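To keep things clear, I will list the structure first and then write my remarks on it.
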Amino acid sequence: MADSHAYDVIVIGAGHNGLTNAAYLAKAGQRVLVLEQNSLVGGAAITEELRPGFQFTTFSYALSLLRPEIIAELDLVRYGFNPLYMRSHFAPMDNGDYLLLGPDDAVNRQEIARHSKADVDGMERFQHDTSRVRQFLRPLFDSIPPNVFSKDPQDADQVAWLLNHLGGADTKVIHDSVRLLTGSIKDFVDDYLESEIIKATICSAACVGIKLGPMSPGTGMNWLYLAMGEHDGHSGSWSFHKGGNGGFTQVLARAATAYGAEIRLNSAVSHLLTKHGEARGVVLRDGTEFRAPVVVSSLDPRRTFLQIADPRELPSDFVETIERFRFQGVSSKVNFALDGIPRYPALGDRTDHLLGFLNFAPTVEYMERAYDAAKYGWYSEHPYIDACIQSFMDPDMAPPGKHVMSCYVMYTPHELKSSTWAEQRENMADRVQATVNRFFPNFDDLVLQREVVTPDIIEERTGLSEGNIYAGEFFPHQMYFFRPAPGYSDYRTPIEGYYQCGSGTHPGGCVIGAPGRFASQQIIKDTRR
Amino acid sequence: MMRTTPFHPRLEQLNHAHAWGNWSGYLSALKYDLSSKHEYFSVRNAAGFFDTSPLHKYWLRGPDAERFCSHVFARDVRALRPGRAQYQVWCDDAGFVLEDGVIFRTAADEFFLTAAEPNYGYLTSLARRYELDVVDATEDFASLAVQGPRSRDILRALTPDIDELRYFGLTHTKIGDTEVMVSRTGFSGDLGYELVIPADAALEVLDAIIAAGEPHLLRPYGEEALNMVRIEAGLPLLGKEFTSSRYAYTDAHRFTPDELGLGWLLKGIDDESRPFIGREAILRERATGSSRWRTVGVAIEWRDYYDLFASNGLLAVPDEIPVGWETMLYSAKGKRIGYATSFMYSPYAQRHIGIARVRPKFAEIGTEIQVEQTVNHEYLNVRGHVTGLPFFNPERKVA
Ligand SMILES: Cc1cc2nc3c(=O)[nH]c(=O)nc-3n(C[C@H](O)[C@H](O)[C@H](O)COP(=O)(O)OP(=O)(O)OC[C@H]3O[C@@H](n4cnc5c(N)ncnc54)[C@H](O)[C@@H]3O)c2cc1C
């Protein structure tokens, strides 16, 4: 039966990277089949109506890292791409005060001055210096990492390009880059800022998704990574896609289908088929076989190499590297359906602070203590929450007058010491709700329903190992030409015809699309050879 | 003294930016929020309202109303049934556009005209030969545009009559106790309505709309957001896309309907029974092919814009606020071929777009062009291409 399925490429997983990869390959004329285990596309970027009229962003909830070239090259606007503007950034404080940053830089100066006069220009220097670092690193971020471990002359050209780029940079920019890439975010911001709420706001953004606190080296790099995004060209700013990130993956699915890719749902892949060390197709868990000379896995490195491929067909040192690759997920989501508008006492009836992220991290120490728990196998007593009431930007997310609130929560380690998430789930969510209620005292009364998504559920529903949102921890030794393993950051694998295109490859996780795009470039290049 | 519109007491409370401009001697909000982009997104995804009260409003009433209008206006009003509205232009004898506006046929012998500039003197001077009254009703009414995908839901809650209103349809209905005229028209390119409200009841009606709009995230928007949405909709604006031929010193500032991309209004121009002002000249223009311009859309791809800045050591930060001046256009070979009259980064289209006038042979969709930008204090060109208009045209606009 097998040969009746004649495809050029099979993509495993219809998350946003699998879909991006499929869309590019189909657009280039390849016959592409995407196999997705779930009954809907999107992976960690889905939107579900859990209650009539209420749209929940189950996992990821905001957009920024998505590479703008993908929007243009895949003509996504035609398929409904529609990122909405987040107007503000709100951080409540323990004493009832707050930091509210909005769209006007000059007005923001006044707001920052309420907290510290020195931080007004401190913040502007911080932004300018980091913006130059971003500008410097962007060409590296936006290209396939050179293979510094290879002897191939073609690779040598790429290495030369890299060295030349590094050599051409301004001394201060190089130094700032290294400080951010290797140091803690707290160390970095201490040089610019003094106000606790402003520092905490930056520090919290640096901890999203990783098992590190703001005082740990490595958080500078994560901050920088997350700041590589943009909305409408405004660096570091986030948007909210119409219909949530699930709305975005629907756009991708429409584009991929329009370019000719076929998406097959409810089709969990069991393993890769090989012959003479080359990929030949895949077998579904129900035994169905699909054949193609190219198979692309959008799953994380652990699944790609230790589950879908047979590790016995891979070099043992490579397998060892993949086995050592760290995941250690620490993120959860608690999503709420609300009967009305949460009120912040100091702002009365105002709602202009609800038009963006609500950042529950009043001090750097609050963040660090939230992290401490995770080190010892427990979840934070006072969690860090990055929330967003999406129905304030997109009225279609909830019935008129009602709202949905997405709460991204840290730190909730995948492995709990002597307990399980099944036992702790509701208790963790209670802490989240109590934290929100502490700042928005009418919150408890508004809650109509809540959905609790802990790392075990993330893993079970998306396949992201240990629930790591990036498909692999952001450690320096797991980034750039080490992602996922030295010598294999070019989307190829030791098995000919078997490729990787998920967040476990360069540049990394987030709704970014770059792995899917780069992998398609590599595949097209290789098939033309 | 600067005047205020009947809505002003409420609008003043809503204007957190304290940003006002001057529209025909009335205070008119440039923006209410600190960010006009936020207002733009409200219009595009929920709904927004815009105070159009400074528009000049005229009744044209009498047995000769239809005959008069079909003489003055370039688009045939005879096909316009009572209860319908029409986008219009009017020209001078040389076939150059004087102005554009919207005309509403309220009865067989009654029309209501809205226009950006004063036209009372012009209309009355022409009306002398007709049995017709021209009444300036500008101050009798406040007018409000409610635009965006949720506009129907909001107004339906106040007056179910509007539910059935078709695109460019018109109805007289009540909001609370107030008689209002509602038309399904607007300047956003989206589903939307415009209300004409007796000035003394304006605040009451506005408050009812604001209350009905709250659960739908209705927000006020100002001139900046208005300008953004109308460019995406490809709608010309007096003072940007054209100036009135009446006040031009040279023909470089005069344009015919065909040159402005409004030729479609002239359906039936061959019909001898309607000798409207400018007809002869327009027929001559068409017969001799003497149009100097075509109005087209232009766009720049993200990549080209980004590369232009990156290669000059800068970050490309697109601005959705339309540039306040004309943007020069060149052919792929570097020859001057025209200029964009409006140019902006469109959050909807995710690229820079513009409404432009180009020489006819460069008007074909897809023609590669170069768009002049100022980078590092130099004029540098970025690759772009000619597109159709409008950029934004959702099905719900007419559905
Ligand atoms: C809770 C949470 C919040 C987040 N918040 C944000 C955010 O706000 N913004 C942001 O940019 N990023 C966010 N992220 C990160 C981002 O969502 C992910 O990095 C990204 O979506 C991963 O995309 P992917 O295509 O690489 O993988 P995935 O989305 O994981 O896609 C993999 C797909 O493969 C399927 N699959 C798995 N195994 C098989 C199999 N054997 N056979 C067939 N199909 C299979 C899965 O069902 C899934 O559809 C968040 C992630 C999580 C978990």
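Select the helices (runs of 4 or more DSSP H) contained entirely in region B:1-113, then report the ones holding at least 3 residues which are within 14 Å of another protein chain (Cβ to nearest Cβ) and either of a type in the set (D, E, K, R) or touching a Pro at 6+ places or on another chain (Cβ under 6 Å) (or both). Once the helices (runs of 4 or more DSSP H) in region B:1-113 are filtered for at least 3 residues that are within 14 Å of another protein chain (Cβ to nearest Cβ) and either of a type in the set (D, E, K, R) or touching a Pro at 6+ places or on another chain (Cβ under 6 Å) (or both), what remains is B:36-45.
Considering each residue of region B:136-147 in turn, none proves to be within 14 Å of chain A (Cβ to nearest Cβ), under 23 Å from B:ARG219 (Cα atoms) and in contact with a Gly (Cβ under 7 Å, 6 or more places away or on another chain).
Can you find, within region B:315-325, the residue that is farthest from B:VAL386 (Cα to Cα) among those that are among the hydrophobic types (A, V, I, L, M, F, W, C) and either away from every other protein chain (no Cβ under 14 Å) or touching a residue at least 60 places away in the same chain (Cβ under 8 Å) (or both)? Per the criteria, the residue is B:ILE321. Taking the criterion of being out of contact with any Leu (no Cβ under 8 Å at 6 or more places or on another chain), within 14 Å of chain B (Cβ to nearest Cβ) and crowded, with 16+ Cβ neighbours inside 10 Å, the only residue of region A:400-434 that qualifies is A:PRO400. When A:ARG438, A:ARG492, A:ARG450, A:ARG461 are screened for being surrounded by fewer than 21 Cβ atoms within 10 Å (Cβ to Cβ) and either within 14 Å of the ligand (Cβ to nearest atom) or within 14 Å of another protein chain (Cβ to nearest Cβ) (or both), only A:ARG461 passes. Looking at B:ALA107, B:ALA145, just one residue is more than 19 Å from B:GLY278 (Cβ to Cβ) and crowded, with 18+ Cβ neighbours inside 10 Å, and that residue is B:ALA145.
Residues to consider are B:GLU179, B:GLU204; find the one that is in a strand (DSSP E or B) and in contact (Cβ under 8 Å) with a residue 12 or more places away in the chain.
The conditions single out B:GLU179.
If you go through region A:191-204 one residue at a time, do you hit one that is away from every other protein chain (no Cβ under 14 Å) and within 16 Å of the ligand (Cβ to nearest atom)? Yes, the conditions are met somewhere in region A:191-204. The conditions are (1) modelled with pLDDT of 95 or more; (2) away from the ligand (no atom under 15 Å from the Cβ), and A:GLY277 fails exactly one of them. Which is it? Failing condition for A:GLY277: (1).
For region A:59-110, the set of residues classified as out of contact with any strand residue (DSSP E or B) (no Cβ under 9 Å at 6 or more places or on another chain), within 16 Å of the ligand (Cβ to nearest atom) and assigned to a loop (DSSP other than H, G, I, E, B) consists of A:ARG67, A:LEU74, listed by residue number.
What helices (runs of 4 or more DSSP H), lying completely within region A:428-529, carry at least 1 residues that are at pLDDT below 95 and within 29 Å of A:ARG312 (Cβ to Cβ)? Of the helices (runs of 4 or more DSSP H) lying wholly inside region A:428-529, those with at least 1 residues that are at pLDDT below 95 and within 29 Å of A:ARG312 (Cβ to Cβ) span A:514-528. Every listed requirement among (1) within 16 Å of the ligand (Cβ to nearest atom); (2) outside any strand (DSSP E or B) is met by A:GLN55 save one, (2).
Scanning region B:248-261 for residues that are of a type outside the set (Asp, Glu) and either in contact with a Ser or Thr (Cβ under 8 Å, 6 or more places away or on another chain) or part of a helix (DSSP H, G or I) (or both) gives B:ALA252, B:HIS253, B:ARG254, B:PHE255, B:THR256, B:LEU260, B:GLY261. Cβ-Cβ distances below 6 Å connect the following pairs, each with a first residue in region A:57-76 that is farther than 17 Å from A:GLY356 by Cβ, a second residue that is part of a helix (DSSP H, G or I) and within 13 Å of the ligand (Cβ to nearest atom), and a separation of six or more residues or different chains: A:ARG67/A:ALA514; A:ILE70/A:ARG517; A:LEU74/A:ALA23. In region A:145-152 there is no residue that is more than 16 Å from the ligand (Cβ to nearest atom) and in a helix (DSSP H, G or I).
Taking the listed residues A:MET215, A:MET228, A:MET221, the one that is more than 25 Å from A:ARG461 (Cβ to Cβ) and within 15 Å of the ligand (Cβ to nearest atom) is A:MET228, with no other qualifying. Do the conditions hold for B:VAL72, that is, is it farther than 29 Å from B:GLU223 by Cα, in contact with a helix residue (DSSP H, G or I) (Cβ under 8 Å, 6 or more places away or on another chain) and without any contact (Cβ under 8 Å) to a residue 60 or more places away in the chain? In short, no. The residue pairs whose first member lies in region A:303-332 and is within 14 Å of chain B (Cβ to nearest Cβ), whose second member is among the charged types (D, E, K, R) and within 13 Å of the ligand (Cβ to nearest atom), and whose beta carbons are closer than 6 Å, counting only pairs six or more residues apart or on different chains, do not exist in this structure. Exactly one residue out of A:ALA261, A:ALA227, A:ALA253 is touching a Ser or Thr at 6+ places or on another chain (Cβ under 8 Å), buried (at least 21 other Cβ atoms within 10 Å of the Cβ) and not aromatic (Phe, Trp, Tyr): that is A:ALA227.
Would you say A:TYR24 is away from the ligand (no atom under 14 Å from the Cβ) and touching a residue at least 24 places away in the same chain (Cβ under 8 Å)? Spelling it out, it is not the case that A:TYR24 is away from the ligand (no atom under 14 Å from the Cβ) and touching a residue at least 24 places away in the same chain (Cβ under 8 Å). Could you please let me know if A:GLU289 is more than 16 Å from the ligand (Cβ to nearest atom) and more than 14 Å from chain B (Cβ to nearest Cβ)? No. Those residues that are within 13 Å of chain B (Cβ to nearest Cβ) and over 22 Å from the mean Cα position of the chain (by Cα), I need them from region A:76-99; list them, please. Result: A:ARG78, A:TYR79. Hey, does region B:269-283 have a residue that's within 14 Å of chain A (Cβ to nearest Cβ), over 23 Å from the mean Cα position of the chain (by Cα) and either outside any helix (DSSP H, G or I) or touching a residue at least 12 places away in the same chain (Cβ under 8 Å) (or both)? No, because not a single residue in region B:269-283 is within 14 Å of chain A (Cβ to nearest Cβ), over 23 Å from the mean Cα position of the chain (by Cα) and either outside any helix (DSSP H, G or I) or touching a residue at least 12 places away in the same chain (Cβ under 8 Å) (or both). Across region B:223-256, the number of residues qualifying as aliphatic (A, V, I, L, M), under 19 Å from B:SER42 (Cα atoms) and either without any contact (Cβ under 8 Å) to a residue 24 or more places away in the chain or out of contact with any Pro (no Cβ under 9 Å at 6 or more places or on another chain) (or both) comes to 3.
Let's see how each residue does on (1) surrounded by fewer than 20 Cβ atoms within 10 Å (Cβ to Cβ); (2) not assigned by TED's automatic domain parsing to the domain that holds A:ALA434:
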position	(1), (2)
A:ILE70	no, yes
A:VAL77	yes, yes
A:PRO92	no, no
A:ASN95	yes, no
A:LEU99	no, no
A:ASP105	yes, no
A:ARG109	yes, no
A:ILE112	no, no
A:ARG132	yes, yes
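Could you tell me whether any residue of region B:326-349 is in contact with a Pro (Cβ under 6 Å, 6 or more places away or on another chain), buried (at least 18 other Cβ atoms within 10 Å of the Cβ) and within 14 Å of chain A (Cβ to nearest Cβ)?
At the first step, the residues of region B:326-349 found to be in contact with a Pro (Cβ under 6 Å, 6 or more places away or on another chain) are B:342, B:344-345.
Remaining after also requiring buried (at least 18 other Cβ atoms within 10 Å of the Cβ): B:342, B:344-345.
In the following step, the residues that additionally are within 14 Å of chain A (Cβ to nearest Cβ) were identified as B:344-345.
So far as region B:326-349 goes, yes, one or more of its residues are in contact with a Pro (Cβ under 6 Å, 6 or more places away or on another chain), buried (at least 18 other Cβ atoms within 10 Å of the Cβ) and within 14 Å of chain A (Cβ to nearest Cβ).
The values are calculated or read from the model by the stated rules, or taken from the named source; none is laboratory data. Just so you know, these numbers come straight off a predicted model, no measurement behind them. All Cβ positions, glycine included, derive from the backbone under ideal geometry; neighbour counts span all protein chains shown.
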